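Student: The structure that follows is given in the form of structure tokens.
Just so it is clear, none of the values below were taken in a lab; they were calculated from the coordinates. Given the structure is predicted, the values throughout are model-derived calculations rather than measurements. Please note: Cβ atoms are built from the backbone with ideal geometry, for glycine as well, and neighbour counts cover all protein chains shown.
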Amino acid sequence: MARILAIVAAVVCGLLVLADFFLVVPVIDALGAALIEGVLILAAFALILGVVNLLGVHTRMNGSPSARRYSAILLVALVVTLIVGLLHPASEQLTWIFDYLYFPLQATMGALLAFFLVSAAYRAFKLRSASAVILLVTSLVVLITQLPFSAALSPLLPAVREWIFAIPVTAGVRGILLGVALGTTATALRVLLAVDHPYA
Amino acid sequence: MILCPSCSQRNPEGAKTCQACGEPMEGFVYRICPSCDAVNAAESAFCHRCLTPLDGSVALDSASADDVPVTPYTPPSAMPKPEARARPKSAPASAADAGMTPIITTPVQRPSADSRRAPADLPAHLNTYGDAASTPDPLTLARDPLVGLDRLLPFEEGVLAAQRSPLKPARRERDRSQEDADLFHRVATEPVRMGAAGRVVVPAAAPPLPRWGRAALYLLVLLAALAPWWSGNLAGPFVQPRPSVMAMADDLAAVPEGGAALVAFDYGPGAAGELDPLATAALQALAARSVRIIALSSDPAGLGQAQRVLGAIAAELPDYRYGADYVLLGFVPGQEAGLRAVGESLAGAFPADYAQASPLTALPAMRDITTVRDVDRLIVIADDGQAPRRWVEQVQSRTGVGIDALVTAAVEPLLAPYRQSGQLGHVVSGATGAVEYRRAVGIPADARDQTDGYAALAIVLLGVALITNAAEAASWGRRVVGNRRAQGRSDRGR
């Protein structure tokens, strides 16, 4: 019975939000807005659950000594940020944590990407097949056009870049997006028709 | 003799536990004939092949169950791996030869030579393998016509082994039933899959970069990253705004003074080096014309970025104040649902702003603005392709508000379809885009633009691609020339 109720609730809510997307009916709009607000509250609770789960995982402390050390650092950082954020939201202390702890660490991780990029370029840009030739030529053109003085090298280069982006790249990305959209539609239909009900 | 249902070890009749693994023997399903070694069902009283009683009276007449030496139980984890247990060709033929204690010492009763069939009684095709000296015993033949044919054919060992191997999976009837029940439950409750996953194409592994080569490459990347410090903005004068950047600058310039722009900071510090200059350039131009900026984020890390960028702009324009000219609404969770809520009502998604916790209606910057439709432009600053896509799907498609995207260079190609369809107004990318935008709106260059750094990194990548392939081509050429020379020497030798 509980399972049937869950399926009915999910299907009705899904249909209501879908109808709200396509129709302009005040009652449906109000219902859709209320449901969306409920989703936001659920999403906020999901964040809390995530924090609880994180605490559960890292308070077990059953890994290697180095893992336990990292767990301790994570827990301290989590608790401190949480307390500061709850007591003083949008405060200077929170900004300090972001500017002098989170930002440098994340920026460092982002900067490492450049090193990985060059290593990957060494492997990917080798002419081993026809596909590799296409990849190499396209990459070189795009890389050259990324240079500020590319237009000075040849006035054709910006036009070639625009063509690459407008025709082959758009065609490829559009194909991927169409596939994703079809998959999303099929999945949504399965949920709405109660063929799939992963929630119950 | 009964087979252990767990490990297939042969145990004497009446054994309560297995001598090898210690598992209880109740529920065993096979008996082995002590005379002819045939496998019989547990409930059989006589061998189906030779009619020998299966209660062990024949086979164990000289060795009772108590005489069988018991091997201590070895847990499966401590047992050697199958390949380690496999007997090499030079290994002793039996456990006794190897100096080990055999598990079963009771000799298996084999049919005697005189109980075998006469060659004349064998089918013609079996006579080749039969023992011509063996004499059939009429009584034995009458009891079991197959007696004497054991191990007669050269491939019989293999066939018997194949027959014995299925014993293992069949031995735990209860376990198998449980597995079947579990499988049925899983199939019945698991969501139906949409089809088999696509074939995974694994590219051929390229040879690893030598250590010195990796070190050289990383040194070049380091020099490229440090380029803005020593190059003196070499690339800056070459930057010319592209038409797309000019068009975006024109559209943002068309926002009336006192108008409003909704800005989504959907990127983290990892992309700050590339996106902070771009965001600063675009928003500084708006702030200079007193356009209100209403900032929010669907990325938790985006709040800090918004504070940094807006703080920097406010520091340069002292008259541009929080609450009156710009406001930070906060983080909206829920991704698609969150943006849907933003598209419905800003006050519904954000009851109060982030910095002052004031109701939106109390903020001068939010005057006349209740929904996304009330703003003049919507700018999404993102370091991945998903955030602009969500904005297009959840907000632009419902409200019709034009969206401009400021993204990293890697994301720009992913947004090309949305730009072509008109769902995204303009897309500007990368650190070069920041310089182009500054030039387009007439703002002096900023030290944080780092154009030289990105240009140097692009040159390094170009160099890697060209040098790698040149080296590869040279190596290939040397191989071809060497082969031809070798071929020529070979031809001359003939």
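Student: What distance in nm lies between label points placed 7 Å from Cα along the C-beta direction at B:Arg367 and A:Arg123?
Tutor: Distance between the two pseudo-spin positions: 5.9 nm.
Student: Which of B:Gln420, B:Gly304, B:Leu275 sits farthest toward the positive end of the charge dipole of segment B:224-454, with +1 on the Cβ of Lys and Arg and -1 on the Cβ of Asp and Glu?
Tutor: In segment B:224-454, that residue is B:Gln420.
Student: Return B:Asp182, B:Asp452, B:Asp376 ranked ascending by Cβ neighbour count within 10 Å, so the fewest neighbours appear first.
Tutor: Going from least to most buried by this count: B:Asp182, B:Asp376, B:Asp452.
Student: Taking N as the number of residues in segment A:127-200, what is its Cα Rg relative to 2.2 N^0.38 Å?
Tutor: Compared with the compact-globule rule of thumb, segment A:127-200 sits at 1.79.
Student: Right, another one. Between B:Ala470 and A:Leu101, what's the calculated FRET efficiency when r is the beta-carbon distance and R0 is 41 Å? Round to 0.05.
Tutor: Efficiency, rounded to the nearest 0.05: 0.35.
Student: Let me spell out the model: positive unit charges on the Cβ of Lys and Arg, negative unit charges on the Cβ of Asp and Glu, origin at the Cα centre of segment B:224-454. What dipole size does that give, in debye rounded to 20?
Tutor: It works out to roughly 200 debye.
Student: Using the basic label-point model (7 angstrom from Cα toward the beta carbon), what is the A:Ala188 to B:Ala324 distance in nanometres?
Tutor: That separation, rounded to one decimal, is 4.5 nm.
Student: Follow-up question, since we're still on this one. What is the order of A:Trp163, B:Trp229, fewest Cβ neighbours within 10 Å to most?
Tutor: B:Trp229, A:Trp163
Student: Using the beta-carbon distance between A:Val24 and B:Ser421 and R0 = 25 Å, what value does 1/(1 + (r/R0)^6) give for FRET efficiency, to the nearest 0.05?
Tutor: Here the calculated transfer efficiency is 0.60.
Student: At what distance in nm do the modelled label points of A:Ser66 and B:Ala347 sit from each other, each positioned 7 Å from its Cα along Cα→Cβ?
Tutor: Going by the 7 Å Cα→Cβ label model, 5.6 nm.
Student: I would also like to ask the following. Suppose R0 equals 25 Å. What FRET efficiency, 1/(1 + (r/R0)^6) with r the Cβ-Cβ distance, do B:Trp229 and A:Ile167 give to the nearest 0.05?
Tutor: 0.05
Student: Give the average, rounded to an integer, of partner chain Cβ atoms located within 10 angstrom of each Cβ in B:296-303.
Tutor: So the per-residue partner count for this stretch is 1.
Student: Using a simple charge model, +1 on the beta-carbon of Lys and Arg, -1 on the beta-carbon of Asp and Glu, nothing else, what dipole does segment B:241-353 show about its Cα centre, in debye to the nearest 20?
Tutor: 60
Student: Here is a further query. Cut-off is 10 Å between beta-carbons; in what order do A:Tyr122, B:Tyr267, B:Tyr218 appear when sorted fewest neighbours first?
Tutor: The most exposed by this proxy come first: B:Tyr218, A:Tyr122, B:Tyr267.
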